[in-house]
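I have placed the structure first, in the form of structure tokens, so that the comments after it can refer back to it.
The values are calculated or read from the model by the stated rules, or taken from the named source; none is laboratory data. In this text the structure is predicted, and so the values were computed from the model without any measurement. With ideal geometry, Cβ positions are generated from the backbone for all residues, glycine too; neighbour counts draw on all protein chains shown.
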Amino acid sequence: MADISHFIREYQNFQSTFRKTSFDSDNSQYLCNDESQSVLNFDKVLAEKYPDSNVRPKSFDALYVYENIIFCIEFKNQKPSQINNQDICEKLTAGKAELDTLLQSLNIQSNNYNFAYCVAYKKCIEPRDRYKCGIDKGKILFGLKQYKNEGLVKEIFTQDVDFFTKEFKKQFQKELTC
């Protein structure tokens, strides 16, 4: 059996940074500015596998691998109230299915790894947004809780980008500047 390092080597041409994978092309804005940590641009992996965007499955933006934890990360430069739940759920389910297929093709057992799905969204700034975000703090948003309960992923984090940087440090003991 191969391990995750084989996957990383196989897709080394898709190495990127949090800054690049958090880019919002609609608003020409980065949600995270960190360039110190290497991630895998999973959107680009699937863009190569499925050149026709009409048949390309939805997916998360980036993968960060640390020991036996695979962090599947989706950046949304929107307030939580503006994020489409169905879209976020499809990015998880379709992206995870594609990731499992890619791992299997390299003879890597996905059940040897803990998967976490993180949706990092725009920081709540306006008073009415901060109140709503405060109420939802710690909750799994966007209808994603069922996927944790079903065992598709071990952990789900749906918080603003500031929380993401704190959780990153907690999980991986590495600084992230978003």
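If you check V55 against the conditions, is it at pLDDT 95 or above and among the aliphatic types (A, V, I, L, M)? First the steps, then the outcome.
Values: at pLDDT 95 or above: no; among the aliphatic types (A, V, I, L, M): yes.
Taking the combined requirement at face value, the residue does not satisfy it.
Does segment 6-62 hold any residues that are of a type in the set (G, A, S), buried (at least 18 other Cβ atoms within 10 Å of the Cβ) and over 16 Å from D100 (Cβ atoms), and which are they? I'd like the intermediate steps shown before the answer.
Going residue by residue through segment 6-62, those that are of a type in the set (G, A, S) are 16, 22, 25, 28, 36, 38, 47, 53, 59, 62.
Filter again for buried (at least 18 other Cβ atoms within 10 Å of the Cβ), leaving 16, 22, 59, 62.
The answer is S16, S22, A62.
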- Message: Under 8 Å between Cβ atoms, which residue pairs at least 6 apart in sequence (or on different chains) link something in segment 43-58 that is at negative phi and in contact (Cβ under 8 Å) with a residue 40 or more places away in the chain with a partner that is exposed (fewer than 12 other Cβ atoms within 10 Å of the Cβ) and assigned to a helix (DSSP H, G or I)?
- Response: none
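Of all residues in segment 32-56, how many are within 13 Å of the chain's Cα centre (by Cα) and assigned to a loop (DSSP other than H, G, I, E, B)? Reasoning before the result, please.
Taking segment 32-56 and keeping what is within 13 Å of the chain's Cα centre (by Cα), we get 32, 39-43.
With assigned to a loop (DSSP other than H, G, I, E, B) added as a condition, the list becomes 32.
Matching residues across segment 32-56 total 1.
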- Consider N85 against the criteria (1) at pLDDT below 95; (2) crowded, with 23+ Cβ neighbours inside 10 Å: it satisfies all of them except one. Which criterion is unmet? (2)
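Given the criterion among the acidic types (D, E), surrounded by 15 or more Cβ atoms within 10 Å (Cβ to Cβ), under 16 Å from the mean Cα position of the chain (by Cα) and not in a loop (DSSP other than H, G, I, E, B), identify the matching residue among E90, E98.
On the way: E90 fails: surrounded by 15 or more Cβ atoms within 10 Å (Cβ to Cβ).
The unique qualifying residue is E98.
Let's see how each residue does on (1) at pLDDT 85 or above; (2) of a type outside the set (A, V, I, L, M, F, W, C):
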residue: L92; (1), (2): yes, no
residue: Q104; (1), (2): yes, yes
residue: G143; (1), (2): no, yes
residue: L152; (1), (2): yes, no
residue: F157; (1), (2): yes, no
residue: K170; (1), (2): no, yes
